[in-house]
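Reviewing the structure listed below.
Read-outs: derived from the displayed coordinates by stated rules, not from any lab. Not measured: the values here are computed from a predicted model. So basically every Cβ, Gly included, is an ideal-geometry build from the backbone, and we count neighbours across all protein chains shown.
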Amino acid sequence: MEIVSPHDPQARFSHKPGKVEWVGYKDHQTETCDEERPNIIVHVVTTPAPQQDIGVVDAIHSALVGQRMAPAEHFLDSGYVTPETVHQASTAYGITIVGPVRQDPRAADRPGFAKEDFDIDWRAETMTCPKGTVSPRWKPTVADGKPRLSVLFRRADCRACTVRQQCTGNVDGKGRHLLLLPEPLQRIQTQARAQQQTPEWKRRYDLRAGCEATVSETVRAHGLRHCRYRGLAKTHVQHVLTADGTNIIRLAQHRPDQRQRPRSRLQELFRAS
């Protein structure tokens with residue numbers, strides 16, 4: 001990776017589409033969210049700015065287990081959640097990830113013909129479309145460097161279908177093509193996409209609003225986004241000290257005689273909506 005700052009050779013450029021651009025690092029904070037106790041930051045990871053969020057999930061869980069602080073549930077935003085991270089957290093650490101899995105990009109443009117609308121026969125290795133047409137057996141493939149299952153419906157079957165344009169979006173009569181994840185991951189994806197649309201799941205996920213309040217607190221009150229040092233290692237020390245300072249303030253403000261921990265303004269806003 002090219003050097004983008006002569007002052008810090010380890011600093012890297014990154015951006016969030018439509019949001020912000022910066023040169024530097026990322027700070028990943030893990031905090032408690034017990035109802036009757038103050039939120040305490042228990043783990044901090046510092047990474048180069050371009051590194052994807054999903055790349056730190058396993059390391060965070062491994063560290064929490066080593067500290068004997070592994071949660072039963074870990075609330076994460078969509079940048080950290082994939083079927084792979086959900087499966088790894090559950091099987092390797094016994095941690096349930098609660099967070100939104102990316103929706104099928106076709107779902108909004110072609111309602112009724114997303115991948116979840118097709119029936120999967122794992123034993124026969126085929127899929128059945130919403131109109132009842134059965135695909136040929138799928139074939140193993142690789143996409144983005146990961147194993148996938150390629151399902152291609154026959155051109156003749158799709159060409160004769162009355163809703164072909166809605167389903168395939170093709171004008172040249174090609175058959176519908178879908179990519180499945182390996183079975184355990186595909187089951188996780190399908191179940192998660194269905195659950196996260198329910199009001200019950202959304203109300204439960206509102207608990208994560210407290211994390212956004214922590215980001216705001218550490219950034220606005222403690223200058224988290226302004227590196228005081230150069231290099232990844234020293235920047236990580238700053239992130240840890242910022243978390244420690246935040247914890248000290250929260251513990252000092254905590255009143256054990258209060259029956260319930262006061263909610264942040266952001267949490268109240270989510271509850272009101």
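What the table below lists for this structure:
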read-out: Lysine-lysine proximity count for the range 106-195, Cα under 18 Å, sequence distance 8 or more or distinct chains; value: 5
read-out: Radius of gyration and maximum dimension Dmax of the range 83-134, Cα, Å; value: 14.9, 41
read-out: Reach of residue 16 by Cα under 18 Å, taken over lysines that are not fewer than 8 positions away in the same chain; value: 26
read-out: Potential lengthening between residue 177 and residue 203 on full extension [0.36 nm per residue; Cα-Cα distance subtracted]; value: 5.9 nm
read-out: Residues residue 128 and residue 68, FRET efficiency given R0 of 35 Å [Cβ-Cβ distance, rounded to 0.05]; value: 0.15
read-out: Cα-based radius of gyration of the chain once divided by 2.2 N^0.38 Å, which approximates compact folds; value: 1.23
read-out: Residue 160/residue 117 FRET efficiency (R0 22 Å; Cβ-Cβ; nearest 0.05); value: 0.70
read-out: DSSP loop GluC sites (Glu not before Pro) with at most 14 other Cβ within 10 Å excluded, longest remaining stretch of the chain; value: 37-273
read-out: For the range 156-252: span of alpha carbons on each principal axis (Å, largest first); value: 69, 37, 26
read-out: Principal semi-axes in Å for the range 106-195 [√(5λ), Cα gyration tensor, largest first]; value: 21, 15, 13
